[in-house]
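The values are calculated or read from the model by the stated rules, or taken from the named source; none is laboratory data. Values in this document were obtained by computation on a predicted structure and should not be read as measured data. Ideal geometry is used to build each Cβ from the backbone, glycine not excepted, and the neighbour counts take in all protein chains shown. Just the protein is used for accessible areas: all its heavy atoms, side chains included, with ligands, DNA and RNA removed. Shrake-Rupley method; radii C 1.70, N 1.55, O 1.52, S 1.80 Å.
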Amino acid sequence: MSKNPFLKASEWGWQIDHQGIRYTMNDLYSHYNLPLVVTENGIGVVESLDNNNEIHDDYRIDYLSQHINEMSKAINEDVVEVLGYTLWIPIDVISHGTSEMSKRYGLIYVDQDDLGQGTKKRFKKDSFYWYQKLIKSNGENV
């Protein structure tokens, strides 16, 4: 599959196309005429705790916000029926594709490295609090 030269890519070469989710939702809905459930939306990034045991993951918030905004356009402007939405995963886990813990997807950081070393303590990332507000507002505060 060829790469689109106009799109950004993650550290692992996965292209980021927030407008593509709207296009795909419209395509699927017009083809099957069935409600959609959008699942496994997220981005893997190398992250580590700062000196205050925090992760300021504005890049994840931006990624999710742009995708959710495009989904909202598909629902409200294009009248695509959607039953639900889920993140890729709420907590960091070992990446199935690369067997790495350093490739982090979650809103909650797990103190563990690629060799299974670490305290296993959990730390909420900035994206956790952003997503919590998003849920409480029923998607109004993207």
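Computed from backbone phi, the HN-Hα couplings of the range 135-142 come to 5, 4, 8, 6, x, 6, 9, 7 Hz, rounded to whole numbers (Karplus: 6.51 cos²θ - 1.76 cosθ + 1.60, θ = phi - 60°; Gly and Pro given as x). Among 61-73, 89-101, the peptide with the highest mean count of other Cβ atoms within 10 Å heads the list, and the full ranking is 61-73, 89-101. Residues whose amide H comes within less than 5 Å of that of LYS103, counting only those at least five positions distant or on another chain, are SER95 (H built at 1.01 Å from N in the peptide plane). For the range 58-136, treating each Cα as an identical point scatterer without solvent, what Debye log10 I(q)/I(0) comes out at q = 0.12, 0.15, 0.22 1/Å? Listed by q, the Debye log ratios stand at -0.44, -0.63, -1.04. Overall, the accessible surface of the range 1-114 at a probe of 1.4 angstrom is composed of carbon and sulfur to the extent of 53 percent. Relative to the longest principal axis of the Cα atoms of the chain, helix 18-32 runs at roughly 50 degrees. From the square roots a ≥ b ≥ c of the eigenvalues of the alpha-carbon gyration tensor of the range 21-96, which class results: rounded (a/c under 1.5), prolate (a/b over b/c), or oblate? In terms of gyration-tensor shape, prolate. Simple spin-label estimate for SER95 and VAL46 gives 1.0 nm between the two label positions (7 Å along the Cα-to-Cβ direction from each Cα). Taking square-rooted eigenvalues a ≥ b ≥ c of the alpha carbon gyration tensor, is the chain rounded, prolate or oblate, where a/c under 1.5 means rounded and, failing that, a/b exceeding b/c means prolate? Because a/c hits 1.5 or more and a/b exceeds b/c, the chain counts as prolate.
Charge tally around VAL93: other residues with Cβ under 10 Å, Lys/Arg +1 each, Asp/Glu -1 each, net +1.
Each helix, a run of at least 4 DSSP H residues, gives -39500 (n - 2.57); summed and divided by the residues of the chain, these come to -10500 deg cm²/dmol at 222 nm.
DSSP bridge analysis restricted to the chain gives an antiparallel fraction near 60%, rounded to the nearest 5. Full extension of the chain segment joining GLN66 with SER137 gains 23.9 nm, where the gain is 0.36 nm per residue of separation less the Cα-Cα distance.
Could you give the distance between the Cα centres of the range 1-15 and the range 56-110, to the whole Å? Each part reduced to its Cα centre gives a spacing of 17 Å. Toward the positive end of the charge dipole of the range 16-76, with +1 on the Cβ of Lys and Arg and -1 on the Cβ of Asp and Glu, the farthest Cα among TYR59, LEU28, ILE16 is that of LEU28.
Basic side chains Lys and Arg get +1 at the Cβ, acidic Asp and Glu get -1 at the Cβ, and with that the dipole of the chain about its Cα centre reaches some 220 debye.
In this rough spin-label picture, where each label sits 7 Å from Cα along the Cβ direction, the ASP58-ASP114 distance is 2.8 nm.
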